[in-house]
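Nothing in this text is a laboratory measurement; each read-out follows from the coordinates by a stated rule. Small disclaimer: the values here were computed from a predicted structure and weren't measured. FYI the Cβ positions are ideal-geometry reconstructions off the backbone, even for glycines, and counts take in every protein chain you see.
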Amino acid sequence: MTRKGRRLVLISSALGVLAIAAGLVLFALNDTIVFFRSPSEIAQEHTAPGTRLRVGGLVKDGSVVKSDNVHVRFAITDGGADVEVAYVGILPDLFREGQGVIVEGRLTGPMSFTADSVLAKHDEKYMPREVVDALKKQGVWQEGANGNPVKATQGSAAP
Amino acid sequence: MNPEIGHYALVLALAVAILQTVLPIWGARTNDAALMRVGPSLALAFCGFVALSFAVLVVAYVTSDFSVLNVVENSHSLKPLLYRITGTWGNHEGSMLLWALVLAIFGATVALFGGNLPARLKANVLGVQGSIGVAFIAFLLLTSNPFTRVIPAPAEGNDLNPVLQDIGLAIHPPLLYLGYVGFSVTFAFAVAALIDGRIDAAWARWVRPWALGAWAFLTLGIAMGSYWAYYELGWGGWWFWDPVENASLMPWLAGTALIHSAVVMEKRDALKVWTVLLAILAFSLSLLGTFLVRSGVLTSVHAFATDPTRGVFILGILVFFIGGSLTLFAARAGNLRQGGIFAPISREGALVLNNLLLTAAAAAVFVGTLYPLALEATTGAKITVGPPYFNLTVGALMLPVVFAMPFGPLLAWKRGDLPGAAQRLMLAFLIGLAAAGAAAYAESGGPALAPIGIGLGAFVILGAIIDIAERSGLGRVPAATAFARFRGLPRAALGAALAHAGIGICLLGIVAETSWNSETIVGAKVGDSFAVGRYELTLARLEPRTGPNYRELAGVFDIRRGGASVGTIESSKRLFTARNMPTTEAGIRTFGLSQLYVSLGDELPGGGLAIRAYWKPLVTLIWIGAVIMALGGALSLSDRRLRVGAPKPARKAVAAARPVAAE
């Protein structure tokens, strides 16, 4: 093979790998990303049930019901609207009423949600950033009441 | 020691770093040998001042000097001594100081052991290292001074985040930084070569030990971080595609490509421009990792600092070094003479394929990590790019790399014989197939890809063994001769085979754990039993205890298998009183290569505890594989070739290649 031919092989294989990688990235991005919504946004936008989402807000006071060992129901609120969440699994260490959490899962009805993972902030000072933004939008956030860096810890249900 | 001493030492370090940036490079430009010679002394002085500063901070932590703000915020007088020491770098300021210290140690090692380098190259390398030092010391002094005082001094500190009070934290950041910052040396070599406009095979031989060392440390650092998350966060995962993990994976992928392309450059004088670019990229990605973690732009378990001024400052550093080096690269790369042609099927060709796929994987991780940030900045939409994206892209790009791996070392330079290589690998391939079949037969539960993964892992491990057997002529020559040849093999070849086998071992662990782990979530009272995998656990007793700075409730479980008792496992939930923060201390027990993993949840209304238990088959192979990879790197480092590059440095280059020894 000539020098030119070899260079051609090299360049075309590089472009080939690049094209495959780009295709993979685009395909996967299209397919696997998850959007974040606050409860108020879900109420306004009438998001279709079955959509995979992350929802964040405060765990509503008095809403946590542990029906048996590992089945939990609670509501997430941002002051404007509430989303009912059902979850099976162990909750993270810092999951409490009145605290900021993010849940990931699917909408099962207009304002009901089945979570397969629950993320809670990991220490008294911190609050998930998305939750802070959602609360600010609803005007319930008090600046200085909490620091805003984020340390999330995760609890996830059986796969 | 007085904290101000540490502060002054840092200021002096900045002054020295400025001199170190200017004088040697000026000397190299004007051919002034005297100016070039001051580089090493300045690098040593820089190291001395940063080390003094770091020591002062450690002393402040050990003696619980609560007049220092950083100590107040992150320490507590009741904290055990070990965590008072490691707490020094368990926070933003301290960890940046550790970063600077590692940088200074690398600079000093280049100064001390770089005796075989041409004077101009050495001067330029030290100059570039100095400029990185200027940036980071200025960052510390202007935005993150660890020595800020508080008046009046509080009587007690806020304690360190309990999750970080762990032996894993003592080891993980220093190892990771040795990796990250180790690439600053290869970066400095690349930029120095570009400044000089000259580069040759000898350059690759000087750079390779640093790249290998950094790579081995980064491998260990990532593995350590993964194991720490596994046992400390209490939910049994060992890799989360968390942005901070991705931040360490990207330089690892680029660094892996670099150590391979440097071989081509050294042996065949080809791929020069590409190798220089990779050296720049590996450190750029390390800087990007530092930026992601330190600026607090992420929503992540690790991001313990949020302060926009810091973010902007690090962004400035990032833009200056990445932009500057890439501009220099664009301007000078055309002048670098290309050399060495090779057929597509050859050792070089295989290494090019490896490089293409590894960099593509790094790019995929880069896009997945930064796309959510970019999208939020531009449109305000908040999205998460999670494990499915990374598993798909990185998985699809790494599978061919892993499959091609055993072929590479069996191909000759310049023009390889692919059918011949395939023939020699036939045995490994057949055994791999058999392993896949056996896995499919024994474990029918998991995904269809799992047996293929097992087969691939076995193929790679056997391929590495066949490579060594072929090189020593096993089967073709008498056993004694083969053994003698084996002993005479270059360490680099053995190291490469070992590292490749490590990848196979790691792959086995990953596949087995993700496909066949079993999870049980139950509520249990004392005396209750439940099954996990093939084991039966009984909650024998609950013990409340008090530690130095926490209270804990420990659950002790009896483990039975087939009715016979095989020991106990203990798991606890701790409440750290200073921050009123609970942590989960998972109970882990290793059986062979597999582990039983138990963590405690909340107390349940009707009495008893929520308990999460896992059976994780072959999970330890993941970290064993990583350690073997790093050992392979170390073995390669001890190769004669990397020492005999120049007349005298036999002993020195080895020491240079293992910078920790100096610490």
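What net charge do the residues around B:Q595 carry, taking every other residue with its C-beta under 10 Å from that of B:Q595, with Lys and Arg at +1 and Asp and Glu at -1? Charge balance near B:Q595 sits at +1.
Across peptide A:31-41, the mean count of Cβ atoms from other chains lying within 10 Å of each residue's own Cβ comes to 4.
Residue exposure proxy: B:T109, A:T51, ordered by other Cβ atoms within 10 angstrom of their Cβ from fewest to most, comes out as A:T51, B:T109.
May I ask which residue of B:L23, B:I510, B:Y441 lies farthest towards the positive end of the charge dipole of chain B, with charges of +1 (Lys, Arg) and -1 (Asp, Glu) on Cβ and the Cα centre as origin? Positive-end residue among those listed: B:L23.
For the protein assembly as shown, the calculated P(r), taken from all Cα-Cα distances in 10 Å bins from zero up to the bin holding the longest distance, is 2, 12, 21, 24, 21, 13, 5, 1, 0 percent.
Computed from the C-alpha gyration tensor, the three semi-axes of the ellipsoid equivalent to region B:90-206 are 36, 16, 10 Å, from longest to shortest. In the protein assembly as shown, a dipole from Cβ-located charges (positive for Lys and Arg, negative for Asp and Glu) runs towards its positive end, and of B:L10, B:G475, B:W206 it is B:G475 whose Cα lies farthest in that direction. Counting only Cβ charges, +1 for Lys and Arg and -1 for Asp and Glu, the dipole size of chain B around its Cα centre is about 2380 debye. Taking label points 7 Å from Cα along the Cα-to-Cβ direction, B:E603 and B:I341 give a separation of 8.0 nm.
Placing a label point 7 Å from the Cα of A:R96 along the Cα-to-Cβ direction, the residues of region B:592-636 whose backbone N falls under 18 Å of that point are B:601-605. Using the alpha-carbon positions of region B:518-616, Rg (one decimal) and Dmax (whole number) come out as 13.5, 44 Å. Note down the net charge around B:T577, summing +1 for each Lys or Arg and -1 for each Asp or Glu among other residues with Cβ under 9 Å from its Cβ. Net charge in that neighbourhood comes out at +1.
With the helix formula -39500 (n - 2.57) applied to DSSP H stretches of n ≥ 4, the protein assembly as shown reaches a computed 222 nm mean residue ellipticity of -19000 deg cm²/dmol.
Do any of B:K122/B:K267; A:K66/B:K525; B:K525/B:K616; A:K60/B:K616; A:K4/B:K122 go past 27 Å between their Cα atoms, and which? Result: A:K60/B:K616; A:K4/B:K122 exceed 27 Å. Sequentially through region B:127-133, phi angles give Karplus couplings (6.51, -1.76, 1.60; θ = phi - 60°) of x, 5, 4, x, 5, 5, x Hz, Gly and Pro residues having no value and appearing as x. Across peptide B:359-371, the average count of Cβ atoms from other chains found within 10 Å of a residue's Cβ is 3. Sorted largest first, the spans of the alpha carbon positions of region B:1-166 along the three principal axes are 58, 30, 22 Å.
Label separation (B:F486 vs A:R73): 6.7 nm, computed from points 7 Å beyond Cα along the C-beta direction.
All alpha carbon pair distances within chain B were sorted into 10 Å bins beginning at 0; the resulting P(r) in whole percents reads 3, 14, 23, 25, 20, 11, 4, 0, 0. Each part gets one Cα centre, and for region B:102-177 versus region B:526-545 those centres are 46 Å apart. Averaging the Cα positions of each part gives two centres, and for region B:205-251 and region B:24-74 these lie 27 Å apart. For region B:345-421 and region A:95-109, what is the centre-to-centre distance using only Cα atoms, to the nearest Å? Value for the Cα centre distance between the two parts: 35 Å.
Count Lys and Arg as plus one, Asp and Glu as minus one, and take only other residues whose Cβ is under 15 Å from that of B:A119; the net charge is then +3. Say the dipole of region B:1-166 comes from +1 at the beta carbon of Lys and Arg and -1 at that of Asp and Glu; which of B:V68, B:G87, B:N145 then lies farthest toward its positive end? With unit charges placed on the Cβ atoms, the residue in question is B:N145. Spin-label model, B:L328 to A:R106: label points 7 Å out along the Cα-to-beta-carbon direction sit 5.4 nm apart. Here B:K414 is the anchor, and the aspartates and glutamates within straight C-alpha reach of less than 17 Å, apart from those fewer than 8 places off in the same chain, are B:E266, B:D269, B:E348.
Each of B:S144, B:S64 was scored by other Cβ atoms within 10 Å of its Cβ. Listed from fewest to most, they are B:S64, B:S144. Residues B:W206, B:W413, ranked from the fewest to the most other C-beta atoms within 10 Å, line up as B:W413, B:W206.
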